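K.L.:
Quick one: the structure is below, and I'll ask about it shortly.
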Amino acid sequence: MQVSRGTEALARAGRAVTRRVGMRARPTRVAQPAWDAWRAGDFPLARELAANLLVTGHTVDEARHVLVLAESVLGNYDSAINTHQMIAPGYQRLDELNEPILCDHIHRGDIAGAVAFAEQRGLARLGAIGARLHLAVERPLGIDIDGVVDVPFTDDPLTPFMPGFVGHLNDRATVLRLDTGGSFVHISRELAAAHGIDTIASAREFAALGRHRLSYGLADLKIGTIRLRNVPVAVHDKGLPPAAAFDVPLGPIIGTNILERFLTTVDAPNRRLVLSRRGDSIARARHLARLGAAQHVTPFGLWSDHLMIARGRIDEISGVNLFVDSGLVALTPDQGQVAMLVPRRTLARWGVARPQTGRFAELSGTLAIGTASREGMTAYPVTDRVWREFGHWGGIRVDALISWGYLSHFTWTIDFESREYLFTEDQP
């Protein structure tokens, strides 16, 4: 079994504070339905119930707390920030909102606002966050793109399991790998030196299913004809997971926060990445015209800086919350690439038998995101301790990680404007 992945669950300053504070205060009875909807991953309902509490004047700060969370995940960053500013300074659980509000400022491109918030809340002194924010102010992210850009996948043994495409990092040609479980760019220390990437403060983070020390810097990136300047880079001191089994060197990995800047299509059947400028209606129309009609549309939420969460179904079990992370490379000779990574106790709760050593669990029935479903999928069981390292998800119940073993059956468009996935199945 080959296991290799480039995911990152950033332990940012806000997250560190949240873990220290914890969830000690119990929700009030009147706000419990809003919290239940949030935990269940029904973000629109959580928002509606919290807004109703504000109308009635019940537990207004707690209602605003839920509303901030829901608006953040749904991408309504201005509303989340404005609501947060209305919460009383003495509210007992205010620190729990440090992480989403800090990320909200960054998502909306207001790095100066993120710096001010981090300093106001005392976050800039924790980890590497202060140094990283100030570097982003000095050297802001920039993007040059014209129209719709098709970037073909490379033809190598690893691409069927972790899509690669030729790009340039600091003007040096390389094969970039796609991993929606990561943030911007991830690279090994050796490759960072080869690409001339200088790093600043470091922090110990959860990545590649373990704790590693990451350092941070900036680099210029070219994907096809697209140029990105001053892209954040996470440098792994101990290197990235090996790809030796495929006889392919594992170069830089690009993640969700790169894709977030575009209307993004990962077209597995036609082996290409399609990108156009986010918010450009003309480019959007041209982009979608290149694809088949979407047969399955399902909403997703974006928690924290880069963690995409969608609701799915395991056979007859609905309301399953899935972390959508394309970067898991785990396979066996006879079962192929695994579709999911699942904590053992969750598999047991679903009634799925634990597999023999060296094999994946086999799911009965269908695995689906929304209505996009596949049969014959497999799951890679992990211990509950490993699963907890992915983070607290702000209190959202996340049941499993879904990956390329499932996603590779679709043309998959990520629309960050509408917060929807558009799945098109390859027609025979």
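K.L.:
Any residue that is surrounded by 24 or more Cβ atoms within 10 Å (Cβ to Cβ) and more than 17 Å from T59 (Cα to Cα) - is there at least one of those in segment 112-121?
P.N.:
yes
K.L.:
Then there's this: Does segment 203-218 contain at least one residue that is modelled with pLDDT of 90 or more and assigned to a loop (DSSP other than H, G, I, E, B)?
P.N.:
Checked against the condition, which is being modelled with pLDDT of 90 or more and assigned to a loop (DSSP other than H, G, I, E, B), segment 203-218 yields no hits at all.
K.L.:
While we're on this one: Looking only at segment 263-313, count how many residues are open to solvent by less than 40 Å² (accessible area, probe 1.4 Å), within 22 Å of P44 (Cβ to Cβ) and in contact with a Phe, Trp or Tyr (Cβ under 7 Å, 6 or more places away or on another chain).
P.N.:
Qualifying residue count for the region: 9.
K.L.:
Among the residues of segment 143-159, which ones are over 21 Å from the mean Cα position of the chain (by Cα) and of a type outside the set (D, E, K, R)?
P.N.:
Selection gives I145, G147, V148, V149, V151, P152, F153, T154, P157, L158.
K.L.:
Could you list all residues from segment 123-147 that are open to solvent by less than 20 Å² (accessible area, probe 1.4 Å) and touching a strand residue (DSSP E or B) at 6+ places or on another chain (Cβ under 6 Å)?
P.N.:
Hits for segment 123-147 are A128, G142.
K.L.:
Just the residues that are of a type in the set (V, I, T) and not in a loop (DSSP other than H, G, I, E, B), please, taken from segment 124-170.
P.N.:
Matches in segment 124-170: I129, V137, I143, V148, V149, V151, V166.
K.L.:
Within segment 339-381, track down each residue that is of a type in the set (S, T, Y) and open to solvent by 70 Å² or more (accessible area, probe 1.4 Å).
P.N.:
T357, S364, T371
K.L.:
Kindly list the number of the only condition in (1) closer than 20 Å to P160 by Cβ; (2) at pLDDT below 95; (3) not in a helix (DSSP H, G or I) that fails for T265.
P.N.:
Against the list (1) closer than 20 Å to P160 by Cβ; (2) at pLDDT below 95; (3) not in a helix (DSSP H, G or I), T265 comes up short only on (2).
K.L.:
May I ask you to list the residues in segment 160-185 that are basic (K, R) and more than 16 Å from the chain's Cα centre (by Cα)?
P.N.:
Within segment 160-185, R172 is the sole residue that qualifies.
K.L.:
Taking the conditions exactly as written (under 16 Å from the mean Cα position of the chain (by Cα) and more than 30 Å from W35 (Cα to Cα)), does W387 satisfy them or not?
P.N.:
No; evaluated as a whole, the condition is false for this residue.
K.L.:
Considering segment 319-330 alone, what residues qualify as being modelled with pLDDT under 95 and either part of a loop (DSSP other than H, G, I, E, B) or open to solvent by 10 Å² or more (accessible area, probe 1.4 Å) (or both)?
P.N.:
Result: G327, L328.
K.L.:
How many of the residues in segment 230-275 are touching a residue at least 60 places away in the same chain (Cβ under 8 Å), on the phi > 0 side of the Ramachandran plot and touching a helix residue (DSSP H, G or I) at 6+ places or on another chain (Cβ under 9 Å)?
P.N.:
Going through segment 230-275 one residue at a time, the tally reaches 1.
K.L.:
Can you name the residue in segment 171-195 that is part of a loop (DSSP other than H, G, I, E, B), open to solvent by less than 50 Å² (accessible area, probe 1.4 Å) and not β-branched (V, I, T) and, of all such residues, is nearest to T265 (Cα to Cα)?
P.N.:
D179
K.L.:
A further question follows. Since I87 meets every condition but one in (1) touching a residue at least 24 places away in the same chain (Cβ under 8 Å); (2) not in a loop (DSSP other than H, G, I, E, B), which condition does it not meet?
P.N.:
(2)
K.L.:
Now for a different question. Return the total of residues in segment 54-84 being assigned to a loop (DSSP other than H, G, I, E, B) and closer than 20 Å to H107 by Cβ.
P.N.:
So the count comes out to 3.
The values are calculated or read from the model by the stated rules, or taken from the named source; none is laboratory data. Quantities reported herein were computed from a predicted structural model and do not represent experimental measurements. As a convention, Cβ positions derive from the backbone with ideal geometry for all residues, glycine included, and neighbour counts pool all protein chains shown. Surface areas here come from the heavy atoms of the whole protein model, side chains and all, with no ligands, DNA or RNA. Shrake-Rupley method; radii C 1.70, N 1.55, O 1.52, S 1.80 Å.
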